[in-house]
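The values are calculated or read from the model by the stated rules, or taken from the named source; none is laboratory data. Remember, predicted model here, so these are calculated numbers, not experimental data. Glycine gets a Cβ as well: all are built from the backbone with ideal geometry, and neighbour counts include every protein chain shown. Ligands, DNA and RNA are stripped out before the accessible areas are found, and what is left, the full protein with its side chains, is counted by its heavy atoms. Shrake-Rupley method; radii C 1.70, N 1.55, O 1.52, S 1.80 Å.
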Amino acid sequence: SNGVETARVPARGGRAHTRSVLRKLAELPRAAEGTRGDLTSIVEQLRRPPRRRGLVVVVSDFLGDTAWQRPLRALAARHDLIAVEVIDPRDVDLPEVGTIVLADPETGRQREVHASALLRREFAAAAQAHRDLVARTLRQCGAAHLVLRTDSDWIADTVRFVVARKRRWSGGAA
């Protein structure tokens, strides 16, 4: 095992169940430093055993490679799939200060760098290129894609996403 705990919760309706799912999420222990998340194998686990058609929501920062593409596409072929990409602004923009310490949360390695204008531009361009790749890959997988930033209003963003999806389902009428 890679030290990451997976919690399976049966699908049910109602507020009490929603609250218990949120509580379970909040109580999951934080992975130890040096633990690398393996989205590909988690998505594979979701596919087995095969289940009745339903809604699957995958919440991830989608950082790293896109090896999750094949299992995600297979999941989307059977289920309605929503990919929620959580973005921390620190992963897409370096602050405008002199020397900063960059840390890899999965390895704990740190590196001191000078945040020059050039480095900031290159960092932002690389981050944007990766986000574009993730968006394209999720689209190719057949997933609906919701982007949530840790510095924005998640509720408003989610409502906009749901309203737009509802509009598409109903053929353009809200």
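Among the residues of the stretch 38-60, those identified as surrounded by fewer than 14 Cβ atoms within 10 Å (Cβ to Cβ) and not aliphatic (A, V, I, L, M) are Gln45, Arg48, Pro49, Pro50, Arg51, Arg52, Arg53, Gly54.
Yes or no: the stretch 13-24 includes at least one residue that is open to solvent by 80 Å² or more (accessible area, probe 1.4 Å), touching a residue at least 12 places away in the same chain (Cβ under 8 Å), under 23 Å from Leu148 (Cβ atoms) and under 18 Å from the mean Cα position of the chain (by Cα). For the stretch 13-24, residues open to solvent by 80 Å² or more (accessible area, probe 1.4 Å), touching a residue at least 12 places away in the same chain (Cβ under 8 Å), under 23 Å from Leu148 (Cβ atoms) and under 18 Å from the mean Cα position of the chain (by Cα): absent.
Regarding the stretch 79-89, can at least one residue be identified that is open to solvent by 80 Å² or more (accessible area, probe 1.4 Å) and either farther than 14 Å from Cys141 by Cα or within 23 Å of the chain's Cα centre (by Cα) (or both)? Taking every residue of the stretch 79-89 in turn, none turns out to be open to solvent by 80 Å² or more (accessible area, probe 1.4 Å) and either farther than 14 Å from Cys141 by Cα or within 23 Å of the chain's Cα centre (by Cα) (or both).
Residues checked against (1) modelled with pLDDT of 80 or more; (2) small (Gly, Ala, Ser); (3) open to solvent by 50 Å² or more (accessible area, probe 1.4 Å):
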residue: Gly3; (1), (2), (3): no, yes, yes
residue: Val9; (1), (2), (3): no, no, yes
residue: Glu27; (1), (2), (3): yes, no, yes
residue: Ile100; (1), (2), (3): yes, no, no
residue: Thr107; (1), (2), (3): no, no, yes
residue: Arg111; (1), (2), (3): yes, no, yes
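The set of residues in the stretch 60-118 that are closer than 16 Å to Gln128 by Cβ and of a type in the set (Asp, Glu) comprises Asp61, Glu85, Asp88, Asp91, Asp93. Total residues in the stretch 42-63 satisfying the condition of being part of a loop (DSSP other than H, G, I, E, B), free of Cβ contacts under 8 Å to residues at least 60 places away in the same chain and in contact with an Asp or Glu (Cβ under 9 Å, 6 or more places away or on another chain): the figure is 3. Among the conditions (1) closer than 17 Å to His145 by Cβ; (2) loosely packed, with under 15 Cβ neighbours inside 10 Å, Gln69 misses just one, which is (2).
Pairs meeting the criteria (first residue in the stretch 91-106 and over 23 Å from Leu148 (Cβ atoms), second residue in a loop (DSSP other than H, G, I, E, B) and modelled with pLDDT under 85, beta carbons under 7 Å, at least 6 apart or on different chains) are lacking. So which residues in the stretch 124-156 are in a helix (DSSP H, G or I) and not hydrophobic (A, V, I, L, M, F, W, C), if there are any at all? Selection gives Gln128, His130, Arg131, Asp132, Arg136, Thr137, Arg139, Gln140.
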